[in-house]
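Here is the structure we will look at, set down as structure tokens.
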Amino acid sequence: MNKLIQTHQRILKFSQWMIALLWIYQGLFPKLIFKVEDEQYIWQYMGLASEYIFWIISLSGIAEIIFGFMFLLFTQRYLHWLNIISLIGLFFFVLLIYPNRIYQAFNPVVMNLGLISISIIALWCIDALKQIKHE
């Protein structure tokens, strides 16, 4: 039983680290360091005045980094559900703005499905660990 707990804990910890790493990367590189044009286009599409776009991109990058760090600090079901729901929402938003992106290389389908899958695995581990501890 102890080995089973350790296995689930390792899988959960790895999942948490990978989700954190991907969110931190996503907030840091395209938004804070390089200010990718696609990020600017998203905010222009939403009708935001151009003088605010730089700041909003920076704030969204900081928010993504904070969200990523939350996975390093907390192991909670609600955090994974928030991840899943937000990724589904972001996917449909990107589909609305960039419909041709879903079949190109490095598309949002790959990133979003990967992160959603990791969160589902983490949810399974959280449930399994609770169940094992109650036995």
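Laboratory data are not the source of any read-out in this text; all were calculated from the coordinates shown. As the structure is a computational prediction, the values presented were derived from the model and not from experiment. Reconstructed Cβ throughout: ideal geometry from the backbone, glycine too, with neighbour counts over all protein chains shown.
Could you grab me the full set of residues in the stretch 87-130 that are under 21 Å from Leu21 (Cα atoms), in contact with a helix residue (DSSP H, G or I) (Cβ under 7 Å, 6 or more places away or on another chain) and touching a residue at least 60 places away in the same chain (Cβ under 8 Å)? Residues satisfying the conditions are Leu115, Ile118, Ser119, Ile121, Ala122, Cys125, Ile126. For the stretch 14-24, the set of residues classified as more than 10 Å from the chain's Cα centre (by Cα) and either closer than 27 Å to Tyr52 by Cβ or in contact (Cβ under 8 Å) with a residue 40 or more places away in the chain (or both) consists of Ser15, Gln16, Trp17, listed by residue number.
Scanning the stretch 92-105 turns up no residue that is under 13 Å from the mean Cα position of the chain (by Cα), assigned to a helix (DSSP H, G or I) and surrounded by 15 or more Cβ atoms within 10 Å (Cβ to Cβ). Does Ile116 meet the test of being assigned to a helix (DSSP H, G or I) and surrounded by 14 or more Cβ atoms within 10 Å (Cβ to Cβ)? It is true that Ile116 is assigned to a helix (DSSP H, G or I) and surrounded by 14 or more Cβ atoms within 10 Å (Cβ to Cβ).
For Leu48, the conditions (1) aliphatic (A, V, I, L, M); (2) in a helix (DSSP H, G or I); (3) over 16 Å from the mean Cα position of the chain (by Cα); (4) more than 17 Å from Phe106 (Cβ to Cβ) are fulfilled apart from (2).
Among the residues making up the stretch 1-42, a single one is under 28 Å from Asp127 (Cα atoms) and outside any helix (DSSP H, G or I): Met1. Exactly one residue out of Glu51, Glu64, Glu39 is without any contact (Cβ under 8 Å) to a residue 60 or more places away in the chain, more than 17 Å from Leu115 (Cα to Cα) and buried (at least 16 other Cβ atoms within 10 Å of the Cβ): that is Glu39.
The set of residues in the stretch 73-88 that are more than 13 Å from the chain's Cα centre (by Cα) and in a helix (DSSP H, G or I) comprises Leu73, Arg77, Tyr78.
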